[in-house]
Amino acid sequence: MRVKQANKKLLVAAAMAAISWNAHAGATINFGEDKSLSVGLGMRYSFSSAEDGASNGKSRSTDFNLDSARLYFGASLNKNIKGMFNTEWDGDQIRVLDVAGQFAIAPEFNVWAGRLLSPSDRANMAGAYYSMGGGYWPGVSSRYGYNGGIFRGRDDGVVVWGNLADNKLGYSIGAFEGHTFGFESKDPLSSGALTQSAAKTAGKGSSDSLMYAGRLQYDFWDAEPGYYGTGNYIGAADILAIGVAGRIQQDGMLSLAGKGDYASYSVDFLMEKRFKGSGALAIEAAYYDYDTDDIVLSEQGKAYSTGVSFIFEQKVGWGRFQPFMHWQKFEPDTNLDTKQFDVGLNYVIDGYNAQISAMYTTTKTKGSSSLDKFGVAVQLQF
């Protein structure tokens, strides 16, 4: 009985950690029973120095940059009907990031409709704010998502999701507009891919089919309730999870040369184990398969990623140190493979709400010289 009670308490603690991180910091104003409005702010600021990155093409660049600035809004009409509205600064103006109505019918069955991330791999569902590395995003291997879509990988549609088997089994499935995989271009000659509107203008219409996306995940140790994920629990839970995701769309690939179907599949793994008195070790890995029906060979192929980190339990000053390493590779059908290796150190002050990160990155594409980059980033969420 005591073991069962302890396990229940551990699950609740892990669930609360996941919920608090994905709800951001912020403040909540209550207007009555189950009626509230919450607001929050997120930002990432960085300094970077890239090899041959200066305007003369020979010297190292030295740049300060506001990588991201977000406003988070959440509202609750009652215990079953809620909503979210989030914005992001795109370097020039503030744009809509997420806006969705959320219908919480039961923990096992929720319906969200609006503009949001469609079901996909763990890295995409966690996003740059909830992955180790100060805004790190595995864009070499995770080809859709943060670098594409309507804006930051978002899409218009509806998703049904829930958690079963004591929150150990998570599922999500939805229908979306699609045609937002991150490599469409305003100049169709540069990548070959077209958006629906560009294809229509060019006289290359399509069937206008929806994109269907889904994800299934099982947690062997602590449970991870909720729709969005977390890339790393920073020592707050013991995680052993495997997830599979996929998305398909008839006529999902459009170009001046023709049209074809789009499909992508992925498998991801995360193990995070705490060692009392020492810290927590995390190991992650993912495999991807992209099929553009031979329309855009540069985005058709297989990809791999893996990472390892260790967060020390002992505080040093305000926070704890977390060294980490990432490796990823994309093998397109053009045979122009791209590899990226990252090594860095996080200083975790308050979970994902306050971090300072330093990271060295080297990227190599077959047939070209490698690119080395060093950066320091600060992430804050209020």
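The values are calculated or read from the model by the stated rules, or taken from the named source; none is laboratory data. No experiment lies behind these values; they were computed from the predicted model shown. With ideal geometry, Cβ positions are generated from the backbone for all residues, glycine too; neighbour counts draw on all protein chains shown.
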Count of segment 345-382 residues which are over 23 Å from residue 328 (Cα atoms) and touching a Lys or Arg at 6+ places or on another chain (Cβ under 6 Å) = 2
Going through segment 330-382 in order, the residues found to be among the hydroxyl-bearing types (Ser, Thr, Tyr), part of a strand (DSSP E or B) and over 24 Å from residue 287 (Cα atoms) are 347, 357
More than 19 Å from residue 377 (Cβ to Cβ) and assigned to a strand (DSSP E or B): does that describe residue 41?
-> no
Do we find a residue being more than 18 Å from residue 163 (Cα to Cα) and buried (at least 21 other Cβ atoms within 10 Å of the Cβ) anywhere in segment 84-91?
-> yes
Only one residue in 68, 48, 59, 36 is of a type in the set (Gly, Ala, Ser), in a strand (DSSP E or B) and more than 23 Å from the chain's Cα centre (by Cα). Which one?
-> 36
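Every residue, every condition in (1) crowded, with 16+ Cβ neighbours inside 10 Å; (2) in contact (Cβ under 8 Å) with a residue 24 or more places away in the chain; (3) basic (Lys, Arg), yes or no:
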{"residue": "277", "(1), (2), (3)": "no, yes, no"}
{"residue": "306", "(1), (2), (3)": "yes, no, no"}
{"residue": "317", "(1), (2), (3)": "no, no, no"}
{"residue": "329", "(1), (2), (3)": "yes, yes, yes"}
{"residue": "375", "(1), (2), (3)": "yes, yes, no"}
{"residue": "378", "(1), (2), (3)": "yes, yes, no"}
{"residue": "381", "(1), (2), (3)": "yes, yes, no"}
If we scan segment 126-148, do we find a residue that is more than 29 Å from residue 234 (Cα to Cα) and surrounded by fewer than 20 Cβ atoms within 10 Å (Cβ to Cβ)?
-> no
Counting only residues that are touching a residue at least 60 places away in the same chain (Cβ under 8 Å) and either in contact with a Ser or Thr (Cβ under 6 Å, 6 or more places away or on another chain) or more than 30 Å from residue 84 (Cα to Cα) (or both), segment 39-61 contains a total of 8
Tabulated pairs, segment 232-243, first in contact (Cβ under 8 Å) with a residue 60 or more places away in the chain and at positive phi, second assigned to a loop (DSSP other than H, G, I, E, B) and surrounded by 22 or more Cβ atoms within 10 Å (Cβ to Cβ), C-beta under 8 angstrom, 6+ apart or interchain | 234/132; 234/352
Can you tell me which residue among 215, 274 is in contact with a strand residue (DSSP E or B) (Cβ under 7 Å, 6 or more places away or on another chain) and over 29 Å from residue 355 (Cα atoms)?
-> 215
Restricting the search to segment 286-298, which residues are crowded, with 16+ Cβ neighbours inside 10 Å and either part of a strand (DSSP E or B) or in contact with a helix residue (DSSP H, G or I) (Cβ under 8 Å, 6 or more places away or on another chain) (or both)?
-> 286, 287, 288, 290, 291, 292, 296
Restricting the search to segment 28-65, which residues are surrounded by 13 or more Cβ atoms within 10 Å (Cβ to Cβ), out of contact with any Leu (no Cβ under 9 Å at 6 or more places or on another chain) and closer than 30 Å to residue 76 by Cβ?
-> 36, 37, 38
Quick one: in segment 96-147, of everything that is aliphatic (A, V, I, L, M) and part of a loop (DSSP other than H, G, I, E, B), which residue is farthest from residue 40 (Cα to Cα)?
-> 140
Residue tally, condition over 18 Å from the mean Cα position of the chain (by Cα), closer than 20 Å to residue 380 by Cβ and assigned to a strand (DSSP E or B), over segment 72-92 = 2
Considering segment 250-259 alone, what residues qualify as being in contact with a Gly (Cβ under 8 Å, 6 or more places away or on another chain) and either buried (at least 19 other Cβ atoms within 10 Å of the Cβ) or closer than 17 Å to residue 219 by Cα (or both)?
-> 251, 252, 253, 255
Determine, yes or no, whether residue 338 is at pLDDT 95 or above, among the polar types (S, T, N, Q) and over 22 Å from residue 126 (Cα atoms).
-> yes
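Does segment 161-174 include one or more residues that are touching a helix residue (DSSP H, G or I) at 6+ places or on another chain (Cβ under 6 Å), surrounded by fewer than 22 Cβ atoms within 10 Å (Cβ to Cβ) and part of a loop (DSSP other than H, G, I, E, B)?
No, segment 161-174 contains no residue that is touching a helix residue (DSSP H, G or I) at 6+ places or on another chain (Cβ under 6 Å), surrounded by fewer than 22 Cβ atoms within 10 Å (Cβ to Cβ) and part of a loop (DSSP other than H, G, I, E, B).
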Using the structure shown, decide if residue 153 is at pLDDT below 90, in contact with a Phe, Trp or Tyr (Cβ under 6 Å, 6 or more places away or on another chain) and buried (at least 20 other Cβ atoms within 10 Å of the Cβ).
-> yes
